[in-house]
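Here the structure comes first, spelled out in structure tokens, and everything after it is commentary.
Please treat every number below as a calculation from the coordinates, not as lab data. On a predicted model such as this, the values are computed, not experimentally measured, just so you know. Heads up, the Cβs are rebuilt from the backbone with ideal geometry, glycines too, and the neighbour counts pull from every protein chain shown.
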Amino acid sequence: MEPKLFVDPSISKVILLVGTIKGAFLISSDANREKWQVSGPHFPGRVVYAMAYDNRAGRQRLWASSTHFAFGPMLHSSDDFGRTWTNPESAPIKFPESAGQSVAQIWQIVPGGPLEHEKLYCGVEPAALFESKDAGSTWSLVQGLFDHPHRPRWEPGGGGLCLHTIVVNPANPQSLLVAISTGGVYRTDDGGQTWSARNSGVTAGFMPNSYPEFGQCVHKVARSAQPDRLYLQNHGGLFRSDDGGDHWQDIANGVPSDFGFPMVAHPRDPDTAYVFPLETEMRVSPHGELLVYRTRDAGASWQPLGTGFPEELSYETVLRDGMAADTLDLAGLYLGTRSGKVYGSADEGDTWRQIADGLPAVTCVKTAVL
Amino acid sequence: MTVHLPGLLRDHTGGQATVEIACPATTAAEALAALWQAYPGLRDRIVNEQGEIRQHVNIFINEDNIRDQGGYSAPVPSGAAITIVPAVSGG
């Protein structure tokens, strides 16, 4: 089967932006989300850790980071749904020479909130945050976080010392939350000038003090439809905050494992969130059973969702950016595995179908709703 | 001098696999500076923002890897051929 190389927006409603260890794929469908068309590979042979869609201010722009094992990381955008991608002469995301660092990977690309149409953020390894104030034309290091006195004491996790999560606050452009492995959660309330660790209640079971100020290995944070409510998947532990990250409470109630990577919040219901629990030693779906867990009561309880997943043994891993929701009503939910499978649900997780198979290991799944 | 480039870098040389640089370079540093000037898109692919040659990029002057010849101070004989290649890898 010869895949298409780009998406036709005239017949597409939802596009999955799927990054893999050997390139990116765009997988599109109409609003029914039953039949899917795979296009790609884009950036063949390169690792794609981060993708994003920016539909603010009339744009329809895809973003992707690529890293070639020899020639390093690069940031690309496409205004024609993957028909062409930018390939800038000069790397847009790079440390100033005075920083003494060089970008190894771009882990995250996130458009700013609805009140800041031109703002974009990138999180990188080694852990640092970059911002653009002109819709991605130019970028600069967020010096306030880079200069944080904790930074020299952040330690790399298994994936490297990376800033992998950026959570904008749609109600307050001055407030931004990031997560670092391993550093934990940090928040600014003054547009990035100053930052404070926001890990109160989040465990670090691998440290002598299980509740340090910082140093947690936070895997993912998701903001719910109620801006002050956040959900957090930790390296061991599920947590919720109802005050924007000031305090966190344990919500691992009824999951087979509190270890996992992704955390996805429902686009409209602040009580609903999704996780993909992993057995802690193999870091695969427990008992070889592919299951997503959903809470409808803000973490008081979690229910397994498996209808439509394979019934045979499935020792699958979903990485931190490997699960995402769309914004349609009913919300769609999608996940990509390290075995190169992509599954989707068009009914908020109740039933699932396989969308793609045979892809390289999936690193990220993001959604674009046209 | 003559510079040979791998396929992935040819987007930044107008598709050319080999480029000629008119430059009286006597060291690798001078030769690469002239290459950046002629083809600016090559720089960030070959060196990082600290100016270090990326770990898995090899630069040969004739048949010698500059890492074995003093790095940036490696001598560039008159009429040398420079070959830039990614390290071999698998998987």
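Here are a few things to note about the model shown:
- Among beta bridges identified by DSSP and lying wholly in the protein assembly as shown, the antiparallel ones come to about 95 percent.
- The calculated 222 nm mean residue ellipticity attributable to helices in chain A amounts to 0 deg cm²/dmol, summing -39500 (n - 2.57) over DSSP H runs of n ≥ 4 and dividing by all residues.
- The ratio of the alpha-carbon radius of gyration of the stretch A:1-75 to the globular-protein estimate 2.2 N^0.38 Å is 1.15.
- Considering only A:ALA52, A:THR138, A:GLY158, and ranking their Cα positions along the charge dipole of chain A that arises from unit charges at the beta-carbon of Lys, Arg, Asp and Glu, the one farthest toward the positive end is A:THR138.
- One equal scatterer on each Cα of the stretch B:2-86, no solvent, Debye formula: the resulting log10 I(q)/I(0) at q = 0.14, 0.26 Å⁻¹ is -0.40, -1.61.
- Springs between Cα atoms under 10 Å define the GNM used for chain A, and in it the highest mean-square fluctuation of A:ALA70, A:ALA104, A:ALA204 occurs at A:ALA70.
- Global geometry of the stretch A:271-352, whether rounded, prolate or oblate, following the gyration tensor of its Cα atoms and the 1.5 cut on a/c: prolate
- Most fluctuating residue given options A:GLY192, A:GLY336, A:GLY100, as computed from a GNM of chain A linking Cα atoms under 10 Å: A:GLY100
- Shielding value for B:46-59 is 4, the average number of Cβ atoms from other chains within 10 Å of each residue's Cβ.
- Pairwise label distance in nanometres, B:ALA29 with B:GLN50, each label 7 Å out on the Cα-Cβ vector: 1.7 nm
- The P(r) of the protein assembly as shown has a tail past 40 Å containing 21 percent of all C-alpha pairs.
- Computed 3J(HN,Hα) for the stretch B:72-80, one whole-Hz value per residue from the Karplus formula 6.51 cos²θ - 1.76 cosθ + 1.60 where θ = phi - 60°, is 4, 8, 4, x, 10, x, 4, x, 5, glycine and proline marked x.
- Summed side-chain charge close to A:ARG61 - residues other than A:ARG61 whose Cβ falls under 11 Å, Lys, Arg +1, Asp, Glu -1: -1
- Centre-to-centre separation between the Cα atoms of the stretch B:38-91 and those of the stretch A:248-279: 47 Å.
- Working note: Karplus 6.51/-1.76/1.60 with θ = phi - 60° gives the stretch A:134-143 the couplings 10, 6, x, 6, 9, 9, 8, 5, 7, 5 Hz, where Gly and Pro are set to x.
- A Förster radius of 41 Å combined with the Cβ-Cβ distance from A:GLU89 to A:SER200 puts the calculated FRET efficiency at roughly 0.35.
- Share of pairwise Cα-Cα distances greater than 23 Å in the stretch A:120-252 is 27 percent (whole percent).
- Debye log10 I(q)/I(0) at q = 0.08, 0.11, 0.17 Å⁻¹ for the stretch A:1-159, Cα point scatterers: -0.25, -0.47, -1.03
- Taking 0.36 nm per residue of separation and subtracting the current Cα-Cα distance, fully stretching the chain between A:HIS247 and A:ASP329 would add 26.4 nm.
- For chain A, the relative contact order comes to 12 percent (Cα pairs under 8 Å, sequence separation of at least 6).
- Value of relative contact order over the stretch A:291-370, rounded to a whole percent, pairs C-alpha under 8 Å and six or more apart: 28 percent
- Pairs of alpha carbons in the stretch A:71-132 separated by more than 17 Å make up 47% of all such pairs.
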